[in-house]
1. From the list Ser114, Ser96, which residue is loosely packed, with under 13 Cβ neighbours inside 10 Å, in contact (Cβ under 8 Å) with a residue 24 or more places away in the chain, within 14 Å of the ligand (Cβ to nearest atom) and of a type in the set (Ser, Thr, Tyr)?
2. Only one of Arg414, Arg457 is within 39 Å of the chain's Cα centre (by Cα) and at pLDDT below 90; which?
3. Looking at this structure, is Tyr280 in contact (Cβ under 8 Å) with a residue 12 or more places away in the chain and either on the phi < 0 side of the Ramachandran plot or in the same structural domain as Arg414 (by the TED database) (or both)?
4. Of Ser166, Ser132, which residue is modelled with pLDDT of 95 or more and in contact with a helix residue (DSSP H, G or I) (Cβ under 8 Å, 6 or more places away or on another chain)?
5. So if I check each of Ile356, Ile362, Ile391, which one is open to solvent by less than 30 Å² (accessible area, probe 1.4 Å) and assigned to a helix (DSSP H, G or I)?
6. Among the candidates Phe75, Phe67, Phe134, which residue alone is among the hydrophobic types (A, V, I, L, M, F, W, C) and away from the ligand (no atom under 11 Å from the Cβ)?
7. Pull up the range 59-93, narrow it to residues that are among the basic types (Lys, Arg) and closer than 26 Å to Ser147 by Cβ, then point me to the one that is least open to solvent (accessible area, probe 1.4 Å).
8. State whether one or more residues within the range 169-186 are over 21 Å from Ser57 (Cβ atoms), within 15 Å of the ligand (Cβ to nearest atom), part of a loop (DSSP other than H, G, I, E, B) and within 31 Å of the chain's Cα centre (by Cα).
Amino acid sequence: MSGGDMAKPLLGHRSMEGDPHITPASGRTIGVLGSGDFARSLAVRLVCSGFKVVVGSRNPKRKASLFPSAAEVTFQADAVKKTDVVFVAVFREHYSTLCDLADVLAGKILVDVSNNTEINHHKESNAEYLASLFPASTVVKGFNVVSAWTLQSGARDGNKQVLICSNNQEAKRTVAEIAQVMGFTPVDMGCMSSAREIENIPLRLLPAWKIPIFLALGLFLCFFTYNLVRQVIHPYIREQKNKFYKIPIEVVNTTLPCVAYVMLSLVYLPGVLASCSQLYYGTKYRRFPDWLDQWLQHRKQIGLLSFFCAALHAMYSFCLPMRRSHRYQLIETAVKQAVEKKMNIWVEEEVWRMEIYLSVGIIALGLLSLLAITSLPSIANSLNWREFSFIQSTIGFVALVISTLHTLTYGWSRAFDENQYKFYLPPTYTLTLLVPCTVILAKVVFNLPCIQQRLLRIRRGWEKGRYVKFVLPSATGEYSSGETSSNV
Ligand code: NAP
């Protein structure tokens, strides 16, 4: 792929920014139907961008004071007559009340900025509905993903992209030109059939985050219950000790690193499964199952949630010595030692264990922050593919190994201490090691030269059992063709 190709967006949506066919449009008169929040912000932005604005209202006298003095506020029919491009800043349910304007709107461009209150609320999109009411006009869907607030504060703040679609290329180009002059980045979403998708975008609540959030909550709940049983319920039942005060900080703080650590390993596990599948089938052209595809697509969000839990764990850990319960315990221990006349309480092994696991934990958190920062689009865009994959793949894997060291040094020899098995339940950290160690082991195996070579060949297009055509010269000098297996 040439450098030029790499610079193009991977998705089919074409950004119109920098299009040589687009000429500056300021000075043109733009019409706005409606005098609500969106219409007002739009008028302000249009005026600031050098357009002449004429607002069509049912009650221009009352509404005029709400608009900048440079904008003309008049009756709807009057406003529409003065322009070729009209933004319809009116709710869908009121479109039919505009039908009287059909004649004056004929041949003009109508920009449908409307949103719905629910995803796929109506059978056809609002823009298609508007087009059906005004067949003599050209409808362009656009600007609905930009809020009135973003319009007011200008494109320097908030979302810069304006998604546009229409069946008429010329009309689409005109609206894109207006968006660009206003400081937005027009994105061509194709023909009118995309309007439904564009109208759904502002209604979606973190679509890429749903699965990772549920995963993190599920893991949190499981580990929290497990830790609660071990740290609170067990002493209460077995020794009648009230340790419920541990729930808000200690139990949460032992749960967070478990979630962070397992989530981090879940970022790398789908890659391992994908490699296994490629090795097993001997091809990279076989589609992964849908669940694996989904999982691969959510790795960024899973990684960010892992970082979030690790950061919370660091903050909770800082707070541990601040707690009143901790101070009482310290004093209690000191008094006990004084009574028992114990002078030297220094345990060399414990000191080293703590020093090492804290240091390793801090390094792991630092690496996780690096991964999180480089996954931000603005930073990721400044890296080339090799730099990005080095950070996300190699440094990410190092972060997983270091987190494993943090967990192991935290646990030390306690996995072999039978007092640690409350209700026969092993310490939580031993459970968390399961998936990460599997991932690390698999990565080590994949790096063995014989397996690495095979994977590399597969990823370059080699296929197991694939037959390739060969051509041999015959005794008569003519060429005969045949087939052979490429993996012989
Ligand atoms: P709004 O404040 O309620 O304004 C709607 C305007 O529609 C009214 O001010 C009214 O102006 C006009 N209108 C024309 N015919 C009407 C009728 N029969 N009944 C009632 N009003 C009528 O709404 P808005 O927030 O500006 O939203 C306008 C459109 O922009 C909606 O389609 C919305 O989905 C879209 N949008 C809004 C935002 C946002 O942040 N607010 C963002 C994206 C898209 P006159 O009384 O002067 O005629």
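1. Details: Ser114 fails: loosely packed, with under 13 Cβ neighbours inside 10 Å.
Exactly one of Ser114, Ser96 is loosely packed, with under 13 Cβ neighbours inside 10 Å, in contact (Cβ under 8 Å) with a residue 24 or more places away in the chain, within 14 Å of the ligand (Cβ to nearest atom) and of a type in the set (Ser, Thr, Tyr), namely Ser96.
2. Numbers: Arg457 fails: at pLDDT below 90.
Every option except Arg414 fails the conditions.
3. On the way: in contact (Cβ under 8 Å) with a residue 12 or more places away in the chain: no; either on the phi < 0 side of the Ramachandran plot or in the same structural domain as Arg414 (by the TED database) (or both): yes.
For Tyr280, the condition - in contact (Cβ under 8 Å) with a residue 12 or more places away in the chain and either on the phi < 0 side of the Ramachandran plot or in the same structural domain as Arg414 (by the TED database) (or both) - is not met.
4. Details: Ser132 fails: in contact with a helix residue (DSSP H, G or I) (Cβ under 8 Å, 6 or more places away or on another chain).
Testing whether each residue is modelled with pLDDT of 95 or more and in contact with a helix residue (DSSP H, G or I) (Cβ under 8 Å, 6 or more places away or on another chain) leaves just Ser166.
5. Testing whether each residue is open to solvent by less than 30 Å² (accessible area, probe 1.4 Å) and assigned to a helix (DSSP H, G or I) leaves just Ile391.
6. Working: Phe75 fails: away from the ligand (no atom under 11 Å from the Cβ); Phe67 fails: away from the ligand (no atom under 11 Å from the Cβ).
Within the list Phe75, Phe67, Phe134, the selection yields Phe134.
7. First, pick out the residues of the range 59-93 that are among the basic types (Lys, Arg): 61-63, 81-82, 92.
When the remaining residues are screened for being closer than 26 Å to Ser147 by Cβ, the result is 62-63, 92.
On the way: Arg62: 168, Lys63: 45, Arg92: 25 Å².
Filtering first and then ranking leaves Arg92.
8. So far as the range 169-186 goes, yes, one or more of its residues are over 21 Å from Ser57 (Cβ atoms), within 15 Å of the ligand (Cβ to nearest atom), part of a loop (DSSP other than H, G, I, E, B) and within 31 Å of the chain's Cα centre (by Cα).
The values are calculated or read from the model by the stated rules, or taken from the named source; none is laboratory data. None of the values given here were measured: they were computed from a predicted structure. Positions of Cβ are backbone-derived with ideal geometry, glycine not excepted, and every protein chain shown enters the neighbour counts. Heavy atoms of the whole protein, side chains included, go into the accessibility calculation; ligands, DNA and RNA do not. Shrake-Rupley method; radii C 1.70, N 1.55, O 1.52, S 1.80 Å.
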